[in-house]
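Below is one structure, written out as structure tokens; the observations come after it.
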Amino acid sequence: MYRILSQNEHETYESFDDKLEKLADDEALDAKRWKRRHVVAVLALLGFANIYAMRANLSIAIVEMTSGGERKVNGTMLHVHGDFENWTPMTQGVVLSSFFYGYIVSQLPGGYLAYTHGAKTVFFAGTFGTAVFTLLTPPFARMGWGMLVFARFMEGLLEGVTYPAMHVIWSRWAPPLEQTKLATFAFSGSYFGTVIAMPLSAYIGESFGWPMIFWFFGALGVIWCTVWYKTVHDRPEDDPKITTSELALLQRDAFSQSHYLVPWGKILRSKPVWAVIMAHSAQNFGFYIMLTNLPRMLKDIAGYDLEKAGLASSLPYFLMGFQIVTGGQLCDYLRKNKHYDTLFVRKVACAAGFIGQAVFLFLVMTTSNSLLLVLFFSISIGLGGICWCGFSVNHLDLAPQYAGHLMAVSNTFATIPGIFGPLLVGAIVENGIIGEWNVIMYIIISVYLAGAAFFWKFADASIQPWASENTSFVGQLE
């Protein structure tokens, strides 16, 4: 017996059919074009590339600012004196470290603001402000090194919000089994930006003078900000170009992140959180010393000139960017396709990266060959990308709804080496001799090994009990 459908029933079935047809169309479009989370990842990579280019350019520029360089005048090579040759190594250390005084202050506020005012806007504001102060660096430097310290402090203050904001973005835009590859792909921009900034800064400085270094990269930062603000949205559901199937995937494991009380007391008493903090701090200790001093090290140890040192200094960061991208892909492949335990993958990545860095840094001290020196430095720094695949996304494992806050906490502690690293180098390396630089490298090796041991002992990759106890207020201390 067949029943004749009523008008309302016809409309219901037609509506259902329309939805199925729309879903099928979305899936067809999904297969043909980039997914929106991949657009976010590419723009985030370019954003971090801009940020780190603006951060790293001073390590090249300060060599020319304080030592001068060779310039061709009427067909004759002449030595041009630096504008700030009276700056002592300690003064240079203060200038280089001043960025991190601002950077450490804004981490926790950055995590909070990303939740309350939108991670997209906070990331934009931090990058745009950094670009403005980069453009103002030349006139500030001519006013005196104190004004340059102020400019770099403000750059650090504004840039400090970017990493916590990006973790908030990925807590909404990354499916759980894609967190490693999406987050590390975005973070790799930091190292590719350094790759571009160092040789390009050396070329621009030698060809057009050191002020052009800051004007060039500041202008690039402003251009990127325009594209980011017009393209990216805080939440997948706010993006008009996202397909139904991608939105369903992202919302399936989504957390509501605007109404949770943040259990600060339990966070700060958590051993897995401290494992991330220690690994992050150990990695940054070596990275920041190399970032701010590698051109000088190559000049002192291998006798490289500015342009050659800038080019050689960029190779390690290219390898690090490559390692962080491929390592992130490998980690998620092992988790998703080979069903490896997430904690095992995180621990092995972190330990292998730290131990590898320590081994090749030790090899640096065993050779006087300039090519081997650059090769060992490059491999050592590059292996830091493997470490990042272990600890940098561990915040999302432990507490996805608090990932921005956890990144803010770990990055706050991990910024301390950026403050004291250049000062430590300024205090130990007074004459630029090999023995002084060897002391610095022994210290870095010890810190790397300690970071590996602590992470291996105390790391976890499961959602923590305090992350499951959600209440309806934000920011209250337990």
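Annotations for the structure displayed:
- Euclidean distance between Cα centres, the stretch 283-355 to the stretch 412-437, Å: 19
- Entry note: the stretch 291-394 has Rg to Rh equal to 1.08, where both radii use alpha-carbon atoms and Rh is the Kirkwood radius.
- Residues LYS266, LYS338, LYS347, sorted by accessible area with the largest first, give LYS338, LYS266, LYS347 [1.4 Å probe; ligands and nucleic acids excluded].
- For the stretch 135-207: rounded, prolate or oblate by the Cα gyration tensor [a/c cutoff 1.5]: oblate
- Each of VAL227 and THR367 was given a label point 7 Å from its Cα along the Cα-to-Cβ line. The distance between the two points is 3.7 nm.
- Compared with the direct C-alpha span, the chain from GLU436 to TYR340 gains 30.2 nm at full extension, assuming 0.36 nm per residue.
- Using a cut-off of 26 Å between Cα atoms, the listed pairs LYS336/LYS457; LYS35/LYS181; LYS241/LYS347; LYS120/LYS457; LYS35/LYS338; LYS181/LYS230 include LYS241/LYS347; LYS120/LYS457 as exceeding that distance.
- Pair-distance distribution P(r) for the stretch 330-478, from all Cα-Cα distances in 10 Å bins starting at 0: 10, 31, 31, 19, 8, 2, 0 percent.
- GLU237 accessible area, assembled protein chains, probe 1.4 Å, Å²: 90
- When ARG37, ARG235 are compared by accessible surface with a 1.4 Å probe, the order from highest to lowest is ARG235, ARG37.
- Hydrodynamic radius by Kirkwood, which averages 1/r over all alpha carbon pairs of the stretch 195-292, in angstrom: 18.7
- Solvent-accessible area of VAL227 with every protein chain in place, 1.4 Å probe, in Å² to the nearest 10: 70
- FRET efficiency, 1/(1 + (r/R0)^6) with R0 25 Å, evaluated for SER462 and LEU261 via beta carbons: 0.75
- Environment charge of LYS271, counting only residues whose C-beta is closer than 15 Å and scoring Lys/Arg +1, Asp/Glu -1: +3
- Viscosity 1.567 mPa s, 4 °C: Kirkwood-radius Stokes-Einstein D of the stretch 351-417 over Cα pairs, µm²/s: 95
The values are calculated or read from the model by the stated rules, or taken from the named source; none is laboratory data. Computed from a predicted structure; not experimentally measured. Quick reminder, even Gly has a Cβ in these numbers, built from the backbone with ideal geometry, and neighbours come from all protein chains shown. Only protein heavy atoms, including side chains, enter the accessible area calculation; ligands, DNA and RNA are left aside. Shrake-Rupley method; radii C 1.70, N 1.55, O 1.52, S 1.80 Å.
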